[in-house]
């Protein structure tokens, strides 16, 4: 077992371990301990672990944390394959394809450059679930480190594996179709997609314009990428391109832009791909998995097409869990995490982009035509600070339950209200969707006023 100098609680969040780099849970010391704990976890479950693959995004702190992680793994005799800068889904794919024992991705996804994180993958390419991550976390507080500490021949070794990048590129290209004549703008967020997206779409024959392709360690996600697509929207219109494709820092998300410069979010992307598959009898169980945050317009579009949906808590890990449990092949989130289980085990922005452009090519439709089948309802979200003890008890307050019931009655089925606790902060989130901005403001503000009066702290 592994003993850390820092006692840590609630180390894992909804997507691995994340913190400000060189502080808290993202110090080199802690990351080395995490690596050793991960190995102990694998050994304890009877999983042979001679080979672990490691990738990272473009953050300046990446090499520091990679070195610490590698040191921890080598100290217990693990053979380490360094993939270099690579998308998170690239690590997931290569772990499975190359028959590694496990994989680790060093990234804080869409967070700013000062943050970093660790994501663990099992040998099947899937992220560890909550229960397994809790086991690793528990090991860090153990009183005794019982892992071996060899001094010579028992130590692990490191292999640089840059060919992993090209294998991942080739895999994605193999899932697509020829795009000759299609003008495409890519926004790689100065992140991991900067090493792969241009080559993938060049191999597919697209006419390319690329932005945010020069990472310096500090500019990842800075005013660009899936969380800041404004520059991409402008450039699509300026260049007369058919589509713009924006990834986040570790390229597990995609937000698209149509030929008019309008955004196409994860809900619409899931619908487009899901309907394409359903029309061909290829959508597993005729079902798409989504979260409680997906737009009402998305639900109505699926109902119209006779496509079923399964709804999970917020977080792509919960989408994946439901997909694995029930045998579904497409799911995702409004934020652009789209999981295409026929191809990969986690959200893959570049894979999603390849499939989206393939559908455009094969149907002969523009992205705006495809996206227009989903009418997105105006949505408003308000966060209300409350005592942690009250987050999960709001519906037990009679006046809150009553106002929500009243608002839902007024909607008469033409809108949606969602009140849910934050998973990480003392916040209650009040969200509503309705046909007009005026209506959505009315519903949210009315409920929020009551929540503030009854249990709000501010």
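The values are calculated or read from the model by the stated rules, or taken from the named source; none is laboratory data. Fair warning: this is a prediction, and the values are worked out from it, not measured in the lab. Ideal geometry is used to build each Cβ from the backbone, glycine not excepted, and the neighbour counts take in all protein chains shown.
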Just to be sure before I move on: is residue 289 farther than 15 Å from residue 333 by Cβ and crowded, with 24+ Cβ neighbours inside 10 Å in the structure I sent? no
Inspect segment 259-268 for any residue being within 17 Å of residue 366 (Cβ to Cβ), in a helix (DSSP H, G or I), at pLDDT 95 or above and under 18 Å from the mean Cα position of the chain (by Cα) and give the result as yes or no. yes
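Does segment 428-449 contain any residue that is at pLDDT below 90 and either in contact with a helix residue (DSSP H, G or I) (Cβ under 6 Å, 6 or more places away or on another chain) or under 21 Å from residue 313 (Cβ atoms) (or both)? Before you say what the answer is, go through the steps one by one.
Going residue by residue through segment 428-449, those that are at pLDDT below 90 are none.
Looking for residues that are at pLDDT below 90 and either in contact with a helix residue (DSSP H, G or I) (Cβ under 6 Å, 6 or more places away or on another chain) or under 21 Å from residue 313 (Cβ atoms) (or both), one finds none in segment 428-449, hence no.
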Could you tell me whether residue 258 is in the same structural domain as residue 367 (by TED's automatic domain parsing), more than 17 Å from residue 346 (Cβ to Cβ) and in contact with a helix residue (DSSP H, G or I) (Cβ under 8 Å, 6 or more places away or on another chain)? yes
Just give me the residues in segment 237-276 being buried (at least 24 other Cβ atoms within 10 Å of the Cβ) and without any contact (Cβ under 8 Å) to a residue 12 or more places away in the chain, in sequence order. none
Here, helices (runs of 4 or more DSSP H) confined to segment 334-430 with at least 1 residues that are under 30 Å from residue 122 (Cα atoms) are 349-363
Checking residue 8 against (1) at pLDDT 95 or above; (2) more than 20 Å from residue 337 (Cα to Cα), which test does it fail? (1)
Select from segment 115-136 the residues that are out of contact with any helix residue (DSSP H, G or I) (no Cβ under 8 Å at 6 or more places or on another chain), surrounded by fewer than 17 Cβ atoms within 10 Å (Cβ to Cβ) and touching a residue at least 60 places away in the same chain (Cβ under 8 Å) and list them in ascending order. 134
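Results for (1) assigned to a loop (DSSP other than H, G, I, E, B); (2) under 20 Å from the mean Cα position of the chain (by Cα), shown as yes or no for each residue.
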position	(1), (2)
201	no, no
218	yes, no
221	yes, yes
228	yes, yes
251	yes, yes
255	no, yes
Just name the residue that is surrounded by the most Cβ atoms within 10 Å (Cβ to Cβ) out of those in segment 93-114 that are within 17 Å of the chain's Cα centre (by Cα) and either under 18 Å from residue 68 (Cβ atoms) or not assigned by TED's automatic domain parsing to the domain that holds residue 134 (or both). 107
Does segment 173-180 contain any residue that is assigned to a helix (DSSP H, G or I), modelled with pLDDT of 95 or more and outside the structural domain of residue 205 (by TED's automatic domain parsing)? yes
Checking residue 184 against (1) under 19 Å from the mean Cα position of the chain (by Cα); (2) not in a helix (DSSP H, G or I), the condition it does not meet: (1)
Residue pairs, Cβ under 8 Å, 6 or more apart or interchain, first in segment 294-310 and free of Cβ contacts under 8 Å to residues at least 24 places away in the same chain, second loosely packed, with under 14 Cβ neighbours inside 10 Å and assigned to a helix (DSSP H, G or I). List them. 308/285; 310/326
Go through the residues of segment 433-453 one by one and say whether even a single one is surrounded by 17 or more Cβ atoms within 10 Å (Cβ to Cβ) and assigned to a strand (DSSP E or B). yes
Pick out the one residue from 43, 47 that is outside any helix (DSSP H, G or I), outside the structural domain of residue 225 (by TED's automatic domain parsing), modelled with pLDDT under 95 and more than 24 Å from the chain's Cα centre (by Cα). 47
Of the residues in segment 144-172, those that are modelled with pLDDT of 95 or more and touching a helix residue (DSSP H, G or I) at 6+ places or on another chain (Cβ under 7 Å) come to 158, 164, 165, 167, 168, 169, 171, 172
Can you name every residue in segment 362-392 that is more than 24 Å from the chain's Cα centre (by Cα) and buried (at least 18 other Cβ atoms within 10 Å of the Cβ)? 384, 386, 390, 391
